[in-house]
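Data block below; observations after.
The values are calculated or read from the model by the stated rules, or taken from the named source; none is laboratory data. Model, not experiment: these values are computed from the prediction. Cβ: placed from backbone, ideal geometry, glycine included. Neighbour counts: every protein chain shown. Side chains included, ligands, DNA and RNA excluded: accessible areas come from the protein's heavy atoms. Shrake-Rupley method; radii C 1.70, N 1.55, O 1.52, S 1.80 Å.
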Amino acid sequence: MLLTSVARRLNGQGGDPVIQLQTAFGGGKTHTMLAVYHLATRQCPLKDLPGIPDLLDHAGIMDVPKARVVVLDGTARAPGQAWKNGKQTITHALG
């Protein structure tokens with residue numbers, strides 16, 4: 001399950017470092033990303049997020065540290081194209 005993988009990754013216990021969501025139109029990609037976002041940046045205790053306590057219990061995880069989240073618009077830049085933000089140049093390698 002995706003949220004279990006994210007929880008493990010945030011805890012340094014494995015989990016996928018890169019996740020690619022591919023579903024047909026209306027397949028739930030946005031809802032999935034919102035669930036990941038709320039798990040990683042929550043503003044409430046984990047016990048108050050519906051379904052999360054059971055998910056963590058099943059995964060054998062006691063807590064999930066909060067994460068800093070960056071959102072990239074994949075339509076704004078071509079793969080491998082660097083861009084500047086102030087004095088910082090942002091690049092990524094193609095693999």
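Between Thr91 and Thr41, the FRET efficiency from the beta-carbon distance, with R0 = 30 Å, is close to 0.75. With each label point set 7 Å from Cα along the Cα-Cβ vector, what nm distance links Met33 and Lys66? The answer from the label model is 2.3 nm. Rolling a 1.4 angstrom probe over the protein heavy atoms with all chains in place gives the chain an accessible area of 79 Å² per residue.
Counting protein heavy atoms only, the chain has 55 percent of its accessible area on carbon and sulfur, 1.4 angstrom probe. Once backbone amide H atoms are built at 1.01 Å from N, Ile19 has no partners under 5 Å, excluding neighbours fewer than 5 places away on the same chain. The radius of gyration of the Cα set in the chain, together with its Dmax, comes out at 15.7, 45 angstrom. Using the Karplus relation 6.51 cos²θ - 1.76 cosθ + 1.60 with θ = phi - 60°, the per-residue 3J(HN,Hα) values for region 18-29 come to 10, 10, 10, 9, 9, 9, 5, 3, x, x, x, 4 Hz, with x marking Gly and Pro. In order along region 5-17, the phi-based Karplus estimate (6.51 cos²θ - 1.76 cosθ + 1.60, θ = phi - 60°) of 3J(HN,Hα) comes to 4, 5, 4, 5, 5, 5, 8, x, 10, x, x, 6, x Hz; Gly and Pro are listed as x. Mind jotting down the distance between the C-alpha centroids of region 3-18 and region 25-65, whole Å? About 12 Å separates the Cα centre of region 25-65 from the one of region 3-18.
Each label was represented as a point 7 Å from its Cα along the Cα-to-Cβ direction; for Asp54 and Lys84 these points are 5.3 nm apart.
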